[in-house]
Amino acid sequence: MSVQRSSSRLNRSRRIQVRHVPWLIAIPGIVLMLGLRFLPAVFSAGYAFTDWNGLSPRASSVGLDNFAQIFSPSGALGSLGNTLVLAAILLVVSNAAGLGLALLLRKGLKARNLLRAMFFIPFALSHLATGYIWQFIFSYKGPLNQILDSLGLSSWKHTWTGDPKWALYTIALVICWQYTGLTMIIYLAGLEGIPEELDDAVAVDGASKWMKFRRVTLPLLAPAVTVACTLTLIWGLGAFDQVIALTGGGPAGATETLATLVWKNTFLYGKYGYGSALALVLALIVTCLAVLQMTLLRSREEQL
Amino acid sequence: MVFVGPSGCGKTTALRMVAGLEDITEGTIRVGDKIVNGIDPGERDMAMVFQNYALYPHMSIFENIAFPLRARHTSKSEVRSRVERTAALLGLTEYLKRKPRTLSGGQRQRVAMGRAIVREPQAFLMDEPLSNLDAKLRVQMRSEISNLQRDLGVTTIYVTHDQVEAMTMGTRIAIMRKGVLQQQGPPQQVYAEPANIFVAAFIGSPGMNFLQATLGRDESGFELRLPGQTLRLSDAVVSARPALAAYVDRELAMGIRPESLALGPTGGPSLRATVSRIEVLGAESLIYVTLAGQAVVSDEMIEAAVDVDATAASTLKQEAEQCQVTLIVRSEPDTDVRVGDQVNITPIQHRLHLFDLESGAAVTS
């Protein structure tokens, strides 16, 4: 009896040990992840309630002043608007274009593999470097205006990145160009997952191309739509490299985004506290919108 | 009409050409009097049932069945009444709100049938619709599809590699090999009068027995010469095949079905053989007998053998090397022969088949 009990206790302790093994393996990774990624962010969030300048040994608490300033007329509302506009354009354009390209390059075309690679390359290149190339293209004596000249459209010429009316849209164009390659790859992968015999079934059932797309292809792409939309939304809200390269936030703040504002306040203007508050607001916006969007899109997926 | 043949023989391709899913290089396809060569699959008024059902996974069963109607802009009330009628016919009424993934294989199969039936098309095209079901369900669905087809009276082209399905379901069957139609006709006719050695070997289970023999002729008539024995051919066999005279002193292939061989002396010309194996199947026994002779080993024979099972082909080659042939005799279950017994087997002469060894064609007129 006692032998039996002790052996069962032994078994239980061994079971517990076995159950702990995955955790033991994961702990170093979790610690590193928390230590290097989340803790600095949390500590930094603490500075959002101070007027620390990033250098002085002391920081005094200012309560919610930094946040009040962000949402004041002279604050960051313009940048917030720019950020949302960029994110919205990227979300709509890169997903529509990526899906369109994926449908075109799915099969049939002989050069499809080459074209797929070509459309993907912008995403793979350094965003800052290609940003500077685009800045050259958009400059007053750049290729774009030269082309307009040669077409006899000189009246259309602009200093694209220097004109407050156009600057934000030139940035939007560049980030769409950059991310469409990636959404295309995501949608291509999604299309690969749709069984080929469904194509045959649709053909025999006599559905039009539009009905096929709306009733069969698009619903079955729902998981890919969730992934692509969530990623583009997050990237759009965090747009930074392209803005810095093309306009640096100008002219006169016309293309300032929350991300560029965070960087400028924190590292250029010596307003670490205010920068932290901006970063916190940006993080909250990204989290809320991404979670909201994913919840909406996931509910469509569940109908599968 | 059932298309049957070993895998890769082109039966599915032929069906897909009829459906319009595959381009054709020459010839015409007609539905009724209308040539449909260049017409889109959806406009051909034919419905297809696919091997993997090809149901739309995100739609309810109702929507799956309704899809072809919606593609034709049928009115809502009409869609509802037709889908409900079809579902009732197939016993799917209680599943209409479910998704395909929650259904069993047999139920999904019925949904695929429903999607075809609801259109009331001119023809059904079925591509191995039962191959994903287990054996028991397959038998059940086989008769359900047959009954349904009879009740609806719609022309159906049915593709299968299973000759039992072909024999039981087809009004006519077409046997294909390597993209070429070998023979077509009512199942019984194809079984009894195979046009060539491939059809003879492919149709029937257990398959037809074959052995090579030299045709001899003397003053009293024709005979088949085997190592150490001969089999005299009856006058009826000879007179039914005028072309036989050209084969004198040449080798040809003799074929005989297991049920056309009788054990023991029954009066007619017979062959001596040794019993090598007995399989008791309850209602009947299969007696395997071995005799000296040359097995028929041609591409057609090997292909037909591989379709039964992979080892059958190697057994065939092995026997050919050892210069012996195993024949299967279908007999009453209460036979008293033992393994090792010497027996006489008597072929029913009017059911004997003779084939040209080179072309494989049946020797007839």
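The values are calculated or read from the model by the stated rules, or taken from the named source; none is laboratory data. None of these values were measured; they are calculated from a predicted model. All Cβ positions, even for glycine, are placed from backbone atoms using ideal geometry, and neighbour counts span all protein chains on display. Only protein heavy atoms, including side chains, enter the accessible area calculation; ligands, DNA and RNA are left aside. Shrake-Rupley method; radii C 1.70, N 1.55, O 1.52, S 1.80 Å.
Return the only residue of A:223, A:219 being in contact with a helix residue (DSSP H, G or I) (Cβ under 9 Å, 6 or more places away or on another chain) and either open to solvent by less than 20 Å² (accessible area, probe 1.4 Å) or more than 7 Å from chain B (Cβ to nearest Cβ) (or both).
Only one candidate qualifies: A:223.
Within the range A:212-253, track down each residue that is under 19 Å from the mean Cα position of the chain (by Cα) and aromatic (Phe, Trp, Tyr).
Correct list: A:235, A:240.
Of all residues in the range B:54-91, which are open to solvent by 30 Å² or more (accessible area, probe 1.4 Å), out of contact with any Phe, Trp or Tyr (no Cβ under 8 Å at 6 or more places or on another chain) and facing chain A (nearest Cβ under 9 Å)?
Correct list: B:57, B:70, B:72.
Quick check on my filter: what residues within the range A:241-255 are open to solvent by less than 20 Å² (accessible area, probe 1.4 Å), modelled with pLDDT of 80 or more and part of a loop (DSSP other than H, G, I, E, B)?
A:255
Given the condition of a type in the set (S, T, N, Q), farther than 30 Å from residue A:227 by Cβ and in a helix (DSSP H, G or I), answer yes or no: does some residue in the range A:68-86 qualify?
Scanning the range A:68-86 turns up at least one residue that is of a type in the set (S, T, N, Q), farther than 30 Å from residue A:227 by Cβ and in a helix (DSSP H, G or I).
Open to solvent by 30 Å² or more (accessible area, probe 1.4 Å) and at the interface with another protein chain (Cβ under 9 Å from one of its Cβ atoms): which single residue out of B:51, B:122 fits that description?
One residue alone meets the criteria, B:51.
Which one of the conditions (1) surrounded by 15 or more Cβ atoms within 10 Å (Cβ to Cβ); (2) without any contact (Cβ under 8 Å) to a residue 60 or more places away in the chain does residue B:311 fail to meet, given that it meets all the rest?
Against the list (1) surrounded by 15 or more Cβ atoms within 10 Å (Cβ to Cβ); (2) without any contact (Cβ under 8 Å) to a residue 60 or more places away in the chain, residue B:311 comes up short only on (1).
Is it the case, given these coordinates, that residue B:1 is closer than 25 Å to residue B:182 by Cβ, more than 13 Å from chain A (Cβ to nearest Cβ) and at pLDDT 85 or above?
Considered against the rule, which asks whether it is closer than 25 Å to residue B:182 by Cβ, more than 13 Å from chain A (Cβ to nearest Cβ) and at pLDDT 85 or above, residue B:1 comes out as yes.
For residues that are assigned to a helix (DSSP H, G or I) and without any contact (Cβ under 8 Å) to a residue 24 or more places away in the chain, scanning just the range B:145-186, find the one that is farthest from residue B:202 (Cα to Cα).
Top of the filtered list is B:151.
Inside the range B:36-132, counting only helices (runs of 4 or more DSSP H) that do not spill past its ends, which hold 3 or more residues that are farther than 18 Å from residue A:199 by Cα?
Answer list for the range B:36-132: B:76-90, B:105-117.
Only one of B:18, B:2, B:49 is touching a Gly at 6+ places or on another chain (Cβ under 9 Å), in contact (Cβ under 8 Å) with a residue 24 or more places away in the chain and under 17 Å from residue B:126 (Cα atoms); which?
B:2
Quick one: which of A:267, A:213 is of a type in the set (Phe, Trp, Tyr), within 14 Å of chain B (Cβ to nearest Cβ) and either in contact with a Gly (Cβ under 8 Å, 6 or more places away or on another chain) or not in a loop (DSSP other than H, G, I, E, B) (or both)?
Result of the check over A:267, A:213: A:213.
Answer yes or no as to whether residue B:31 is in contact with a strand residue (DSSP E or B) (Cβ under 9 Å, 6 or more places away or on another chain), within 14 Å of chain A (Cβ to nearest Cβ) and surrounded by fewer than 21 Cβ atoms within 10 Å (Cβ to Cβ).
Answer is yes for this residue.
Mind counting the residues in the range B:4-28 that are crowded, with 16+ Cβ neighbours inside 10 Å and either in a loop (DSSP other than H, G, I, E, B) or more than 14 Å from chain A (Cβ to nearest Cβ) (or both)?
Within the range B:4-28, residues that are crowded, with 16+ Cβ neighbours inside 10 Å and either in a loop (DSSP other than H, G, I, E, B) or more than 14 Å from chain A (Cβ to nearest Cβ) (or both) number 9.
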